[in-house]
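Note sheet for the following structure.
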Ligand code: FE2
């Protein structure tokens, strides 16, 4: 794959400082069962809960954590609740990509002044562990970004949540942090959303792939990647491109019924261990033909891992100017063919495979 790298000059001052990803919240049809699945299949620990037992009567949320990754699984307790409406339209999916900031008031005010659409004005939550400040803006589809300021908070997640522990044992999977979050947008929407992240949050355009790069008989897409000032938050934005068959992006948009989050890429520092464990737990992955491994080293050069081990586990290999990466994609995580996980181990490469 020919990759056209277009690095733009970094500004001397980051005018929209983000410390990283705070959490990713899914709206789901059955939060309890989803939480059990992500715990038992993917090795997340249950750390906090909010629901009727804690005095919250409209929704229930389970907070799962693994190293620096925090997932929140939220379901509605009544059919007229907006969470239920979201699930009816989209199926289970990502509603919130929450971003960790030092100053919620500044982030919200700046984003809105630069053209973002407000979703929820700044508010402060408080309990005996301190305060958390939150505010939200809209992005593509029905997805939102919530800014989270938690420097005055020592509780398990946020005020209103109580500590919870695991249902039985949790497998050791070794997932570390969110590497990137990918959005699928409508045909013609990619440049608009790239501009949104550039204008509103000062993101830089990292990479452009066009349909000559990512095009097969079966699928085609166009993708641009934007990244924040410190490089911890990376958002590839995809739009469909014409292929002989319907593109995977179009299929996503048909089933999700709008733009939305396509995948979360989660980093590990031992992908062989991680994928062995995930496969043992029953996680399904996309397959590449065995013939892929006959020629892959001619394309990517020497690697430290045993090729046979990667072939056994069906792990993909790619290389850029700075090194290589190992990656694999799960099948969809819910009934509709929409959101999935990528597991990635970077060995110097900063591209996306
Ligand atoms: Fe990815």
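Derivation of every value follows stated rules applied to the coordinates shown; laboratory data play no part. Note that this is a predicted model, so its numbers are computed, not measured. Here the Cβ positions follow ideal geometry from the backbone for every residue, glycine too, while neighbour counts run over all protein chains shown.
With an 8 Å cut-off on Cα pairs and a minimum separation of 6 or more residues, tell me the relative contact order of the stretch 172-347 in percent. In percent, rounded to a whole number, it is 24. Residues of the stretch 272-289 with an amide N closer than 11 Å to a point placed 7 Å from the Cα of residue 305 along the Cα-to-Cβ direction: 272-276. In terms of the mean number of neighbouring beta-carbon atoms within 10 Å, the peptides 132-139, 345-352 order highest first as 132-139, 345-352. Under the criterion of Cα pairs below 8 Å and six or more residues apart, the relative contact order for the chain equals 17 percent.
The residue 105 and residue 230 beta-carbon pair, evaluated with R₀ = 25 Å, returns a calculated FRET efficiency of approximately 0.75. Taking a ≥ b ≥ c as the square roots of the Cα gyration tensor eigenvalues, with a/c under 1.5 meaning rounded and otherwise prolate when a/b beats b/c, else oblate, which class fits the stretch 117-170? It is oblate, given that a/c is not under 1.5 and a/b is not larger than b/c. As a length-normalised measure over Cα pairs under 8 Å and 6 or more apart, the relative contact order of the stretch 20-163 settles at 25 percent. Taking only the alpha carbons of the chain, we obtain Rg and Dmax values of 20.0, 60 Å in that order. Extending 7 Å from the Cα toward the beta-carbon at both residue 291 and residue 187 defines two label points whose distance is 3.1 nm.
Using the beta-carbon distance between residue 77 and residue 138 and R0 = 22 Å, what value does 1/(1 + (r/R0)^6) give for FRET efficiency, to the nearest 0.05? It comes out at approximately 0.35. Using Cα springs under 10 Å in a Gaussian network model of the chain, which residue among 295, 131, 274 shows the largest mean-square fluctuation? Greatest mean-square fluctuation among the candidates belongs to 295. A simple spin-label model places the labels of residue 154 and residue 128 1.3 nm from each other, with each point 7 Å out along Cα-to-Cβ.
FRET efficiency for the pair residue 58 and residue 118, taken as 1/(1 + (r/R0)^6) with r the Cβ-Cβ distance and R0 = 22 Å, rounds to 0.55. Relative to the current alpha-carbon distance between residue 347 and residue 279, full extension at 0.36 nm per residue lengthens the span by 22.2 nm.
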